[in-house]
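The values are calculated or read from the model by the stated rules, or taken from the named source; none is laboratory data. Source: prediction; values computed, not measured. For neighbour counting, all protein chains shown are included, and Cβ atoms are generated from backbone atoms with ideal geometry for every residue, glycine included.
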Amino acid sequence: MLKAVILIGGPQKGTRFRPLSFEVPKPLFPVAGVPMLQHHIEACAKVPNMKEILLIGFYQPNEELTRFLCNAQQEFKISIRYLQEYSALGTGGGIYHFRDQIVSGSPEAFFVLNADVCSAFPLAEMLSFQKEHGEPNSFVILGTTSNRKQSMNYGCIVEKRGNKRGLALCGKAKHKNQQDMLLEEPTNGWHRAEAIRLEQDIFTALAGQGKLYVYKTLGFWSQIKSAGSAIYASRLYLNQYHTTHTERLASNKEGGPKISGNVYIHPTANIDPTATLGPNVSIGTGVTIGAGVRVRESIILHGATLQDHCCVLNSIVGWDSTIGKWARVEGTPSDPNPNDPYAKIDSETLFRDGKLTPSITILGCNVTIPSEVIILNSIVLPHKDLNRGFKNQIIL
Ligand code: GTP
């Protein structure tokens with residue numbers, strides 16, 4: 001039998017996801033219409049002989065997480081448990097702390113997934129790869145090709161091709177240095193002797209012993225660090241729905257809105273037939289969309305209202321927010337270079353050269369945008385009732 005561990009982090013993580021992570025733990029943020037974590041759970045549940053999924057994190061178990069776990073257990077008919085670390089133990093510390101629970105029942109193998117990535121998660125393929133190429137007690141890491149700039153920024157896996165395919169050497173040099181600096185910072189949560197980092201402390205050692213193999217995927221893989229990358233991840237998953245979940249893709253129907261490209265609409269949303277949606281749009285529960293509205297490359301969260309003729313581009317509209325008539329809410333996408341096949345989305349810092357980096361527009365929950373104004377490249381914190389337009393600002 002098999003098991004899977006999903007690392008979900010905790011409340012101090014997901015800072016680049018604010019203000020959206022104030023309302024919902026980042027792993028539960030909807031990407032292509034379903035909570036980010038559900039994509040991982042679906043991928044795990046599809047692997048034959050998968051018996052249990054363990055989520056490891058340091059969130060206090062809250063109602064939302066518990067409800068998600070109950071629903072997912074019922075839907076996927078698999079045991080899913082949440083194991084809470086007493087504090088941030090690092091990406092390897094939780095696995096070590098809960099090792100008895102992971103190995104109980106003697107699984108023949110277990111998968112470890114990061115909650116904040118989106119991918120087609122080729123788990124069955126990795127398992128066959130391991131059976132074919134790996135030695136007993138060896139490990140397989142999923143690899144994706146990145147470009148030179150990214151490998152300089154984050155470090156990379158160097159594949160050693162010999163008579164055995166895929167023997168890997170892991171170098172996360174720059175990243176390691178950054179983490180080491182963090183370790184020196186006494187106020188930081190990382191300053192714990194128990195913290196173990198999978199990438200630096202474990203994989204590097206395993207690679208040195210020749211026990212780490214790399215399975216390179218040609219499928220999609222992207223990190224979900226910032227809110228902008230959630231829109232990009234939605235695009236990747238919506239595209240995947242053509243082969244995995246066609247029922248989640250909206251189509252042009254008599255009496256329905258005009259759909260252009262890949263769009264997810266929750267069945268409870270109320271959409272005027274003269275609205276035009278897509279490509280890459282996800283509409284949550286109970287959303288109301290008025291006449292002549294245009295939405296493109298955006299995520300509209302539950303309970304939001306888009307009044308007649310407003311336009312929403314490259315934005316995330318928070319829960320229960322309202323956009324007035326003829327208003328325009330627009331952001332700047334941070335998509336990877338389309339001419340570079342190996343480019344990955346960069347998690348831009350909020351500020352560059354003392355200025356707010358142009359990014360997607362985010363409206364926190366319960367924000368009201370008046371009629372006939374423009375909100376451009378701005379982040380609006382929750383519960384704001386704006387009375388004019390804003391450009392390149394964080395509205396506190
Ligand atoms: P950054 O880009 O610096 O964030 O590094 P990274 O891409 O390697 O990500 P990171 O190592 O921070 O996290 C990978 C995954 O592990 C994410 O899903 C995190 O939420 C999760 N994670 C990070 N730290 C911890 C931890 O202390 N405990 C648990 N359980 N999960 C963690």
Out of curiosity, is residue 336 in a loop (DSSP other than H, G, I, E, B), farther than 17 Å from residue 265 by Cα and touching a Lys or Arg at 6+ places or on another chain (Cβ under 6 Å)?
yes
Among the numbered criteria (1) surrounded by 16 or more Cβ atoms within 10 Å (Cβ to Cβ); (2) out of contact with any strand residue (DSSP E or B) (no Cβ under 6 Å at 6 or more places or on another chain); (3) under 20 Å from residue 225 (Cα atoms); (4) among the hydrophobic types (A, V, I, L, M, F, W, C), which one does residue 379 miss?
(2)
Of the conditions (1) under 28 Å from residue 387 (Cα atoms); (2) under 24 Å from the mean Cα position of the chain (by Cα); (3) of a type in the set (Phe, Trp, Tyr), residue 264 fails just one. Which one is it?
(1)
Looking at the range 346-396, which of the residues that are under 17 Å from residue 17 (Cα atoms) and of a type in the set (Gly, Ala, Ser) is farthest from the chain's Cα centre (by Cα)?
378
Failed item, numbered, when residue 317 is tested on (1) at pLDDT 95 or above; (2) in contact with a helix residue (DSSP H, G or I) (Cβ under 9 Å, 6 or more places away or on another chain)
(2)
Does residue 52 count as under 29 Å from residue 283 (Cα atoms), charged (D, E, K, R) and either in a helix (DSSP H, G or I) or over 15 Å from the mean Cα position of the chain (by Cα) (or both)?
no
Among the residues of the range 247-267, the number that are surrounded by fewer than 16 Cβ atoms within 10 Å (Cβ to Cβ) and within 14 Å of residue 34 (Cα to Cα) is 2
Can you work out which of the residues in the range 55-82 that are within 21 Å of residue 127 (Cα to Cα) and crowded, with 21+ Cβ neighbours inside 10 Å is nearest to the ligand (Cβ to nearest atom)?
55
Could you please find all residues in the range 15-35 being out of contact with any Cys (no Cβ under 7 Å at 6 or more places or on another chain) and either under 14 Å from residue 228 (Cβ atoms) or in a helix (DSSP H, G or I) (or both)?
15, 16, 17, 18, 19, 20, 21, 22, 26, 27, 28, 29
Please report, ordered by residue number, the strands (runs of 3 or more DSSP E) entirely within the range 193-292 with at least 3 residues that are modelled with pLDDT of 95 or more and either outside the structural domain of residue 160 (by the TED database) or farther than 22 Å from residue 327 by Cα (or both).
263-265, 281-283
Out of 85, 108, 125, 132, which single residue is acidic (Asp, Glu), within 27 Å of residue 233 (Cβ to Cβ) and more than 12 Å from the ligand (Cβ to nearest atom)?
125
Looking only at helices (runs of 4 or more DSSP H) that lie completely in the range 72-146, which have at least 3 residues being touching a Phe, Trp or Tyr at 6+ places or on another chain (Cβ under 7 Å) and touching a residue at least 12 places away in the same chain (Cβ under 8 Å)?
123-133
Considering each residue of the range 11-43, count those that are surrounded by fewer than 19 Cβ atoms within 10 Å (Cβ to Cβ) and near the ligand (Cβ under 10 Å from one of its atoms), and give that number.
3
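Yes or no, residue by residue, for (1) aliphatic (A, V, I, L, M); (2) modelled with pLDDT under 95:
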site	(1), (2)
43	yes, no
61	no, yes
68	no, no
98	no, no
101	no, no
112	yes, no
119	no, no
124	yes, no
134	no, yes
